[in-house]
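Here is the structure we will look at.
The values are calculated or read from the model by the stated rules, or taken from the named source; none is laboratory data. In this text, all values refer to a predicted model and were calculated from it rather than measured experimentally. All Cβ positions, even for glycine, are placed from backbone atoms using ideal geometry, and neighbour counts span all protein chains on display. Accessible surface is based on the protein model in full, side chains and every heavy atom, while ligands, DNA and RNA are left aside. Shrake-Rupley method; radii C 1.70, N 1.55, O 1.52, S 1.80 Å.
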Amino acid sequence: MAEINLDKIYASFLLALEESHDSESLSDLQKEYLGKNSVISEERKNISNLSDLDKKKFGKTIKDISEKINRDIENKKIAIKRDTYENKENSENVDISIDWLENTGTKEHVISSVMSEVAQIFSSIGYTVAHGPEAETSWHNFDALNTPVWHPARYESDTLYIDKKLDNLLRTQTSTVQVRHMQENKPPIYIVSPGRVYRSDQLDSTHSPVFHQIEGLAVDDAITFTDLKGTLEFFVKEFFGSNVKTKFIPHFFPFTEPSAEVLVSWKDGDWLEILGCGMVDPNVFENVGFKKGTQGFAFGVGVERLAMLRHNIDHIKNFYDNDLRFLRQF
Amino acid sequence: MIILKSWLNDWINISNIDDNKISEALESLGFEIESTNNIEPNYKNIVVGKVVDIYPHNNADKLRITQVDVGSNTYEIVCGAWNFDVGAIVPVALPKSHIVDNFLIEKREIRGVVSNGMICSARELGLWDEHEGILLLEDSLAPGTDFSTTYDSQDTSWEIGITPNRGDCMSHLGVARELSNYFDIKISENDFKLKSKIANVLKTNSGKIAECNSYVSIEIENFNITDSPFFIRYRLSQVGTRIINNVVDLTNYVLYDIGQPLHAFDRDKIFGTVSVRKAKDNEKILTLDNQKRSLNKDDLVITDNDIPIALAGVMGGLDTEVTKNTHNLLIESAYFDKVSIMNTSRKLNLISDASIRFERGIDFNLQLKAINRFINIFSTNQDINYSSPIVDDKKNIKNKSVSFSNNDIYKILGTKIDNKFITKTLKNLDIDHSITNDDIKFVSPSWRYDLERPIDIIEEIAKHYGFNNFDSTLPIGNNRNNLGDYWNSKTFFSQQLRGKDYQEIQSLSFVDEISNQRFNPEKKYVEVYNPIDSTNKYLRSNLFSSLLNIYHSNLEKNSVSSKYFEINTVFDKGKHEKYENIPNQLYTLGVLTPSRVTNVDLRCEDKTFDIYYVKNLISTLIGEFNVKYLQKPGFHKRLSFLILKDEKQVGFFGQLSYELMDDLNLEDPIYLMELNIESIDSTFKETNNFIPLAQYPFIKFDLSFTVPIDFIASDLISFVATKLDKNENNIDIFDDYVTEKSRNLGIRISTRNYDQTYSEEEARGILDMLVNEIQDKFKIKLNKSQ
């Protein structure tokens, strides 16, 4: 009889629970069914009238049902809370395709980032960065580098001078830094010198009166031509990726011998010239006072050219216009 | 330079070698291939014909009717050209054949007469640019022969770059010599011998100057100015030379063939002894291009009884020019000094095929051979009479014998190269040599000026060995992963600024005078002596002008106000701090901060910045520093400060003057900052001692004082700090209210004791102490709170 009563109570509880949709009504429900004057309390009062065996049995039933009601209410509370927040979240929509904060933070100018990248690559194999003046003596730019007095590079049509006697100029190559560095240091030398160079060129799609180069120099015991090859192959793979092909073809520079140009091809495309290099000419070592038999190699690469090749930039002017639309692309 | 396969084949038998193999060879030998061109006939089905009859066209005065024998048949063809007679051998386009540009020839009625095709000019066959008459072919060709089989109509040409040290390769013979070793094929010999029939009329000599080492001449009589042979015109046109007449074409031909520039004079316009001397200052000559050239003593002239008749090695004179009426020739083959020819040709801006070759150095034993070659070809095609050559060779140029240790080759190249290979290479290159396991001894041939030192021969061996056949090894330097202070500081500044949304720029170093004067009127600017653009002939003395330009142009172009920085060099004429003889140049960081920055997040207002932001930015970049007020040109009268680090001046910041803002059309105030990067120890790392964290609650006072306008707030802060130096403190200015008459300064002091919680009474005691001390010290008054 009592059990039947309890079953009814639970059934009615479930009905009431179904109707409760907020925490307030759930508290009320808890009071109604488990509180001091609730039907369950009433039933509990009846226990004393029962036999010991029934007491135990009925007591357990009441306990079970109380716990069940409690658990149901707690579960319902959690469900309601979850529903509430779920609804709240469902109502908070964004269109994530909008870039409100597009382009925050800035990047280096692409010239700087290419220079940094090249410097990093060489730093990983033991080169440090050297730097020196941009307005230089003709001696450091030409004579020391074994450029004969009649060489066309010295013409006013090629080089920008800053005095009438043509003793001072704006460096046409960052090899001047190598000369300064060798005058101040003894081998072993492993340096790269990134920086600005100047030529008497009108600004057009591939020329600029100001551009950037990175030159490198290694002078050490028994540095050989195979070392030069290995070093530049390493650089090319690091910079362009490992699937790039490299070839060396003979060339001529006054300051190196043998001299070569390095051509690369990636994705089986055309062969493109990317850098000039060679074994440092003995005359250069003599000019900086190194002992006879000193060996080393040097190389130079145009920064704008690397950037243009890698990013398909069509006009060198872009680098110096500094239009934000350009700057933000890199 | 353009080279032709069929022409190379005269010197080295490469007709069976695949073009790609030849390209590969050229490239590996150091000839940069600019383009490769497969030459194909520009026509179809052209046959050789013989004109057997000619008669007038009744309806057209300018046309003639010809009967042309084409082997299988004879056709009537109408022709507008008059440069041939009966018996002429000509190229004929019969109906259904194609001439240049795929133009189809059909049977066609011309003024009432049916023409069975067309007799063609060189231009109509796409051969060369000549259209004044039809192309006359050699008499020996049989009518009916397929025209395309009568010469090398299928050919290949390469346009190659020749490095300045290899003047000897500026001819087909020169390139053939290089290929000879690559393919191991011998160079053909040419053993033509002169058979002189006439005596010399003129005397010639090389003069008394070292700049003309040898002068060889020959006289030719009994010849006609005419078209040169077909193969010469074909080859010259393929290498890009204009066809002129047999004499001029042939001098050009010898130049492209073996590399010796020749010059032809009309002998009858020369009256005395031909010699060479330096020009006199202001001496004049009328050159072939009808220009009066003013010379000086650096130029070389060929003279006739001391009167200049040609600009040696550069251009002939008009007075002795070979013309249609020339009957007798004097051909000159000389060796002129490189530097002298270079100076003259650059100075007069006269760069010719001849001058380029002299500049780079021609074979000093080639002069007589070139005369031989010229006569050889000329006499094969025309019956001419010529004198014996006059040779005046000073023999001043000799190549020295050089020897070096065989082991040096391995020492420099890093790959062991077999002696056999070395011997074979030197032999094929005509380099006199002897080789043992210990030593190599060599003398370079007369055409090589680039082989003077052991390293030159080592390069030669490496080149012929093939650069791509060498091993690759990777030496590791002594400074692994250390970019050095210079690069590290640049990187550090750049990273800090980019983290704060500053955009890096790279602007040109050249500016106009005003850009320097605005900010550095006290400096002397470095000026380019030969500027590209005379307006912007100065090197910039500051980065401000460039930054402002870029700021302004982006504001105009893109309507974006943004923050910028640039790291580059500024110049002035002061002394360089490290090196002698060069102008002062400082590696500088320039930073531009606008007071209003366009917010990229368009939902938000623009961001605003002020001078305090810039000051804070500087401390991010260089750590603790001091400022000193200093009025600078171009800047706001009051907001203009030196940056001092360890008492050394390292930079400057301030607000752009309102006047300049107005001049530059800027609406929002701009803050500018410049730091001399090299004067800052980039390794700055200030190690602060840890301040322990007090565990007790803080007490806080907000105090407001009436202070003089020029009161220095930081003095107040440090004073309070000394008064509370046993505590953990936070002392900040929270308000600075300035009117014309007064200034109120609010200071917020929060302080904690390390040992106890302050009672209300103790707190009151501290407050009173502070107020009294401050009022006493600074003679300022606490504002009573309302």
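Okay, here's what the table says:
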| read-out | value |
| --- | --- |
| Sole residue being within 38 Å of the chain's Cα centre (by Cα), part of a helix (DSSP H, G or I) and surrounded by fewer than 16 Cβ atoms within 10 Å (Cβ to Cβ), chosen from B:Lys398, B:Lys416, B:Lys420, B:Lys424 | B:Lys424 |
| Residues within region A:232-256 that are in a strand (DSSP E or B), open to solvent by 20 Å² or more (accessible area, probe 1.4 Å) and closer than 25 Å to B:Pro164 by Cα, tallied | 5 |
| Strands (runs of 3 or more DSSP E) within region B:69-186 that include 2 or more residues within 14 Å of another protein chain (Cβ to nearest Cβ) and in contact (Cβ under 8 Å) with a residue 40 or more places away in the chain | B:155-161 |
| Which numbered condition B:Arg638 fails, given (1) part of a strand (DSSP E or B); (2) surrounded by 12 or more Cβ atoms within 10 Å (Cβ to Cβ) | (2) |
| Criterion: farther than 30 Å from B:Ile3 by Cβ, in contact with a Gly (Cβ under 6 Å, 6 or more places away or on another chain) and either surrounded by 22 or more Cβ atoms within 10 Å (Cβ to Cβ) or β-branched (Val, Ile, Thr) (or both) - qualifying residue of B:Ile285, B:Ile270 | B:Ile285 |
| Pairs with Cβ under 7 Å, 6+ apart, first in region A:300-326 and free of Cβ contacts under 8 Å to residues at least 24 places away in the same chain and facing chain B (nearest Cβ under 10 Å), second surrounded by fewer than 20 Cβ atoms within 10 Å (Cβ to Cβ) and not in a helix (DSSP H, G or I) | A:Leu324/B:Val560 |
| Scope region B:352-371; condition crowded, with 21+ Cβ neighbours inside 10 Å and not in a loop (DSSP other than H, G, I, E, B); matching residues | B:Ala354, B:Ser355, B:Arg357, B:Phe358, B:Glu359, B:Arg360, B:Gln367, B:Ala370, B:Ile371 |
| Residues of region B:72-105 that turn out to be farther than 19 Å from B:Ala142 by Cα and loosely packed, with under 12 Cβ neighbours inside 10 Å, as a count | 3 |
| Residue match in region B:648-668 (condition: farther than 26 Å from B:Tyr525 by Cβ, open to solvent by less than 20 Å² (accessible area, probe 1.4 Å) and without any contact (Cβ under 8 Å) to a residue 60 or more places away in the chain) | no |
| Failed criterion for B:Tyr579 (all others in (1) part of a strand (DSSP E or B); (2) within 11 Å of chain A (Cβ to nearest Cβ) hold) | (1) |
| Qualifying residues in region B:293-307 (those that are of a type in the set (Asp, Glu) and within 31 Å of the chain's Cα centre (by Cα)) - the one farthest from B:Asn349 (Cα to Cα) | B:Asp298 |
| Qualifying positions in region B:474-488 - touching a Ser or Thr at 6+ places or on another chain (Cβ under 9 Å), under 30 Å from B:Ile409 (Cβ atoms) and surrounded by fewer than 17 Cβ atoms within 10 Å (Cβ to Cβ) | B:Leu474, B:Asn478 |
| Subset of region A:182-201 [in a helix (DSSP H, G or I) and either open to solvent by 60 Å² or more (accessible area, probe 1.4 Å) or farther than 23 Å from B:Ile476 by Cα (or both)] | A:Gln183, A:Glu184 |
| Any hit, region A:64-85, residues being more than 30 Å from A:Gln329 (Cβ to Cβ), part of a loop (DSSP other than H, G, I, E, B) and out of contact with any strand residue (DSSP E or B) (no Cβ under 7 Å at 6 or more places or on another chain) | no |
| Hits in region B:735-786 (condition: more than 23 Å from B:Leu693 (Cα to Cα) and of a type in the set (Phe, Trp, Tyr)) | B:Tyr737, B:Phe778 |
| Residues (aliphatic (A, V, I, L, M), free of Cβ contacts under 8 Å to residues at least 40 places away in the same chain and surrounded by 16 or more Cβ atoms within 10 Å (Cβ to Cβ)) located in region B:506-538 | B:Leu508, B:Val511, B:Val528, B:Ile532 |
| Residue count for region B:5-42, restricted to those that are away from chain A (no Cβ under 14 Å) and either under 25 Å from A:Glu273 (Cα atoms) or out of contact with any helix residue (DSSP H, G or I) (no Cβ under 8 Å at 6 or more places or on another chain) (or both) | 10 |
| Single residue of region A:127-152 satisfying the filter (surrounded by fewer than 18 Cβ atoms within 10 Å (Cβ to Cβ) and in a loop (DSSP other than H, G, I, E, B)) that is modelled with the highest pLDDT | A:Pro148 |
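Residues checked against (1) in the same structural domain as A:Asp220 (by TED's automatic domain parsing); (2) at pLDDT below 95; (3) crowded, with 20+ Cβ neighbours inside 10 Å:
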position	(1), (2), (3)
A:Asp270	yes, yes, no
A:Met279	yes, no, yes
A:Val284	yes, no, yes
A:Leu306	yes, yes, yes
A:Ile316	yes, yes, yes
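The rows are residues; the columns are (1) in the same structural domain as B:Gln506 (by TED's automatic domain parsing); (2) under 17 Å from B:Leu656 (Cα atoms); (3) open to solvent by less than 60 Å² (accessible area, probe 1.4 Å).
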residue: B:Glu580; (1), (2), (3): yes, no, no
residue: B:Val597; (1), (2), (3): yes, yes, yes
residue: B:Asn616; (1), (2), (3): yes, no, no
residue: B:Thr620; (1), (2), (3): yes, no, yes
